[in-house]
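Below is one structure, written out as C-alpha coordinates; the observations come after it.
The values are calculated or read from the model by the stated rules, or taken from the named source; none is laboratory data. This one's a predicted model, so the numbers in the text were calculated from it and none came from an experiment. Cβ sites come from the backbone with ideal geometry, for glycine too, and all protein chains shown count toward neighbours. The accessibility values were calculated without ligands, DNA or RNA, using every heavy atom of the protein model including side chains. Shrake-Rupley method; radii C 1.70, N 1.55, O 1.52, S 1.80 Å.
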Amino acid sequence: MNPEISNSDYQLAVQLLGRDPRTPFAVKTRCGDGSPQVLIADPVFLEDGIWKPFPAFLWLVCPRLKILVAELEQQGYIRKYSQQLETDEDFRLRFLSSQTQISAIRVEMAEKLYPGELPEHIREILTETTIAGSRDFRGVKCLHSHLAHELAFAGNPIGADVINIVGHCSKVDNCSHLNKGGNLE
Ligand SMILES: [Zn+2]
(Lines give C-alpha, C1' and ligand atoms only; values in the text may rest on other atoms or scores of the structure.)
Protein backbone atom coordinates (compact mmCIF):
# COMPACT_ATOMS: atom_id res chain seq x y z
CA MET A 1 0.00 0.00 0.00
CA ASN A 2 1.15 3.51 -0.72
CA PRO A 3 1.93 5.18 2.63
CA GLU A 4 0.59 8.51 1.36
CA ILE A 5 -3.03 7.42 1.35
CA SER A 6 -5.17 6.55 4.34
CA ASN A 7 -6.59 3.09 4.79
CA SER A 8 -10.20 4.15 4.09
CA ASP A 9 -9.08 6.07 1.00
CA TYR A 10 -7.21 3.00 -0.20
CA GLN A 11 -10.24 0.77 0.36
CA LEU A 12 -12.51 3.17 -1.55
CA ALA A 13 -10.02 3.49 -4.41
CA VAL A 14 -9.75 -0.29 -4.76
CA GLN A 15 -13.53 -0.64 -4.52
CA LEU A 16 -13.96 1.93 -7.31
CA LEU A 17 -11.25 0.25 -9.36
CA GLY A 18 -13.16 -2.99 -9.05
CA ARG A 19 -10.13 -5.27 -9.34
CA ASP A 20 -6.84 -6.18 -7.73
CA PRO A 21 -4.56 -3.12 -8.28
CA ARG A 22 -1.53 -5.40 -8.97
CA THR A 23 0.89 -2.48 -8.46
CA PRO A 24 1.20 0.28 -5.84
CA PHE A 25 -0.72 3.45 -6.62
CA ALA A 26 -1.61 6.90 -5.31
CA VAL A 27 -4.72 9.04 -5.75
CA LYS A 28 -3.85 11.62 -8.42
CA THR A 29 -7.11 13.56 -8.76
CA ARG A 30 -10.40 13.66 -6.88
CA CYS A 31 -14.03 14.26 -7.80
CA GLY A 32 -16.00 17.22 -6.45
CA ASP A 33 -17.15 15.09 -3.51
CA GLY A 34 -13.54 14.28 -2.60
CA SER A 35 -13.62 10.65 -3.72
CA PRO A 36 -10.77 9.22 -5.82
CA GLN A 37 -11.13 10.07 -9.53
CA VAL A 38 -7.83 9.15 -11.22
CA LEU A 39 -5.28 6.79 -9.66
CA ILE A 40 -1.63 6.92 -10.66
CA ALA A 41 0.04 3.54 -10.46
CA ASP A 42 3.74 2.72 -10.40
CA PRO A 43 4.46 2.32 -14.15
CA VAL A 44 6.69 -0.65 -13.45
CA PHE A 45 6.73 -3.21 -10.67
CA LEU A 46 9.39 -5.77 -9.84
CA GLU A 47 7.76 -8.80 -8.32
CA ASP A 48 9.56 -12.07 -7.54
CA GLY A 49 12.34 -11.08 -9.93
CA ILE A 50 9.92 -10.39 -12.79
CA TRP A 51 9.60 -6.91 -14.29
CA LYS A 52 6.00 -5.91 -14.95
CA PRO A 53 5.43 -2.75 -16.98
CA PHE A 54 2.17 -0.81 -16.65
CA PRO A 55 2.23 1.76 -19.47
CA ALA A 56 -1.49 2.46 -18.94
CA PHE A 57 -0.66 3.65 -15.43
CA LEU A 58 -3.43 6.26 -15.03
CA TRP A 59 -6.69 4.64 -13.96
CA LEU A 60 -10.00 6.42 -14.23
CA VAL A 61 -12.07 5.16 -11.30
CA CYS A 62 -14.88 7.74 -10.99
CA PRO A 63 -18.09 5.77 -11.68
CA ARG A 64 -19.82 8.83 -13.17
CA LEU A 65 -17.04 9.49 -15.69
CA LYS A 66 -16.68 5.79 -16.50
CA ILE A 67 -20.39 5.55 -17.36
CA LEU A 68 -20.41 8.76 -19.44
CA VAL A 69 -17.22 7.81 -21.28
CA ALA A 70 -18.56 4.33 -22.03
CA GLU A 71 -21.61 6.03 -23.55
CA LEU A 72 -19.38 8.16 -25.78
CA GLU A 73 -17.50 5.04 -26.86
CA GLN A 74 -20.82 3.40 -27.75
CA GLN A 75 -21.70 6.49 -29.78
CA GLY A 76 -18.61 6.02 -31.97
CA TYR A 77 -16.28 8.60 -30.43
CA ILE A 78 -13.22 6.35 -30.64
CA ARG A 79 -13.64 6.31 -34.41
CA LYS A 80 -14.35 10.03 -34.48
CA TYR A 81 -11.07 10.84 -32.70
CA SER A 82 -9.14 8.29 -34.79
CA GLN A 83 -10.37 10.04 -37.91
CA GLN A 84 -9.51 13.43 -36.45
CA LEU A 85 -5.95 12.22 -35.77
CA GLU A 86 -5.67 11.42 -39.47
CA THR A 87 -7.23 14.55 -40.91
CA ASP A 88 -6.49 17.32 -38.40
CA GLU A 89 -2.76 18.00 -38.25
CA ASP A 90 -2.91 20.40 -35.31
CA PHE A 91 -4.91 17.86 -33.30
CA ARG A 92 -2.47 15.10 -34.24
CA LEU A 93 0.59 17.13 -33.25
CA ARG A 94 -0.94 18.07 -29.92
CA PHE A 95 -1.83 14.41 -29.33
CA LEU A 96 1.69 13.19 -30.20
CA SER A 97 3.21 15.85 -27.98
CA SER A 98 0.99 14.74 -25.09
CA GLN A 99 2.09 11.13 -25.57
CA THR A 100 5.76 12.19 -25.55
CA GLN A 101 5.04 14.04 -22.32
CA ILE A 102 3.41 10.99 -20.72
CA SER A 103 6.29 8.72 -21.84
CA ALA A 104 8.77 11.04 -20.16
CA ILE A 105 6.73 11.11 -16.94
CA ARG A 106 6.46 7.31 -16.96
CA VAL A 107 10.19 6.73 -17.49
CA GLU A 108 11.10 9.33 -14.86
CA MET A 109 8.81 7.66 -12.31
CA ALA A 110 10.22 4.24 -13.15
CA GLU A 111 13.82 5.47 -12.82
CA LYS A 112 13.02 6.98 -9.44
CA LEU A 113 11.51 3.68 -8.28
CA TYR A 114 14.38 1.54 -9.58
CA PRO A 115 17.46 3.78 -10.01
CA GLY A 116 19.87 2.33 -12.53
CA GLU A 117 18.05 -1.02 -12.62
CA LEU A 118 15.48 -0.62 -15.38
CA PRO A 119 15.99 -3.28 -18.09
CA GLU A 120 16.16 -1.90 -21.63
CA HIS A 121 13.05 -3.77 -22.85
CA ILE A 122 11.00 -2.34 -19.98
CA ARG A 123 12.26 1.17 -20.68
CA GLU A 124 11.32 0.63 -24.31
CA ILE A 125 7.74 -0.36 -23.43
CA LEU A 126 7.39 2.68 -21.15
CA THR A 127 8.82 4.96 -23.85
CA GLU A 128 7.12 3.61 -26.94
CA THR A 129 3.50 3.20 -25.93
CA THR A 130 0.58 5.59 -25.60
CA ILE A 131 -1.26 6.22 -22.35
CA ALA A 132 -3.70 3.54 -23.52
CA GLY A 133 -0.80 1.06 -23.61
CA SER A 134 -0.73 0.88 -27.41
CA ARG A 135 2.29 1.02 -29.68
CA ASP A 136 0.13 2.69 -32.32
CA PHE A 137 0.57 6.44 -31.77
CA ARG A 138 -2.22 7.16 -34.25
CA GLY A 139 -4.62 4.87 -32.45
CA VAL A 140 -7.05 5.87 -29.72
CA LYS A 141 -7.90 2.44 -28.26
CA CYS A 142 -10.04 3.64 -25.33
CA LEU A 143 -11.25 7.01 -24.12
CA HIS A 144 -10.89 6.28 -20.39
CA SER A 145 -7.10 6.46 -20.45
CA HIS A 146 -7.05 9.69 -22.47
CA LEU A 147 -9.49 11.32 -20.07
CA ALA A 148 -7.43 10.10 -17.11
CA HIS A 149 -4.33 11.61 -18.77
CA GLU A 150 -6.07 14.96 -19.28
CA LEU A 151 -7.36 15.09 -15.69
CA ALA A 152 -4.00 14.09 -14.21
CA PHE A 153 -1.56 16.09 -16.33
CA ALA A 154 -3.56 18.06 -18.95
CA GLY A 155 -2.44 18.46 -22.58
CA ASN A 156 -4.26 15.45 -24.07
CA PRO A 157 -6.58 16.85 -26.78
CA ILE A 158 -8.80 13.74 -26.81
CA GLY A 159 -9.23 13.81 -23.03
CA ALA A 160 -9.80 17.58 -23.14
CA ASP A 161 -12.62 17.18 -25.65
CA VAL A 162 -14.17 14.36 -23.60
CA ILE A 163 -14.20 16.42 -20.39
CA ASN A 164 -15.76 19.32 -22.33
CA ILE A 165 -18.59 17.01 -23.33
CA VAL A 166 -19.18 15.17 -20.04
CA GLY A 167 -18.27 18.01 -17.66
CA HIS A 168 -16.15 17.98 -14.50
CA CYS A 169 -17.43 16.14 -11.44
CA SER A 170 -19.13 18.48 -9.01
CA LYS A 171 -19.92 17.95 -5.36
CA VAL A 172 -23.61 17.26 -6.08
CA ASP A 173 -22.69 14.47 -8.51
CA ASN A 174 -21.80 12.44 -5.42
CA CYS A 175 -19.56 10.26 -7.63
CA SER A 176 -18.45 7.57 -5.19
CA HIS A 177 -22.08 7.00 -4.18
CA LEU A 178 -22.88 5.92 -7.76
CA ASN A 179 -20.74 2.88 -7.16
CA LYS A 180 -23.06 1.68 -4.41
CA GLY A 181 -25.99 1.90 -6.82
CA GLY A 182 -24.45 -0.90 -8.84
CA ASN A 183 -24.02 1.31 -11.90
CA LEU A 184 -20.45 0.27 -12.57
CA GLU A 185 -19.53 -1.17 -15.93
ZN1 LIG B 1 -16.44 11.93 -10.43
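Computed values, structure above
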{"read-out": "Tensor-based shape of region 1-91 (alpha-carbon gyration tensor, a/c under 1.5 rounded, otherwise prolate or oblate)", "value": "oblate"}
{"read-out": "Selected from 55, 63, 115 as most flexible by GNM, with the chain as the system and alpha-carbon contacts under 10 Å", "value": "115"}
{"read-out": "Given 66/171; 28/66; 28/80, the pairs whose alpha carbons are separated by over 22 Å", "value": "28/80"}
{"read-out": "Cα pair distances exceeding 25 angstrom across the chain, given as percent", "value": "35"}
{"read-out": "Cα→Cβ-extended label distance, 7 Å offset, between residue 74 and residue 138, nm", "value": "3.1"}
{"read-out": "Full-extension gain in nm, residue 11 to residue 171, via 0.36 nm per residue minus C-alpha separation", "value": "55.5 nm"}
{"read-out": "Accessible area of the chain belonging to carbon and sulfur atoms, whole % at 1.4 Å probe", "value": "49"}
{"read-out": "Accessible area (Å², per residue) of region 7-180, counting only protein heavy atoms and a probe of 1.4 Å", "value": "47"}
{"read-out": "Pairwise label distance in nanometres, residue 82 with residue 111, each label 7 Å out on the Cα-Cβ vector", "value": "3.4"}
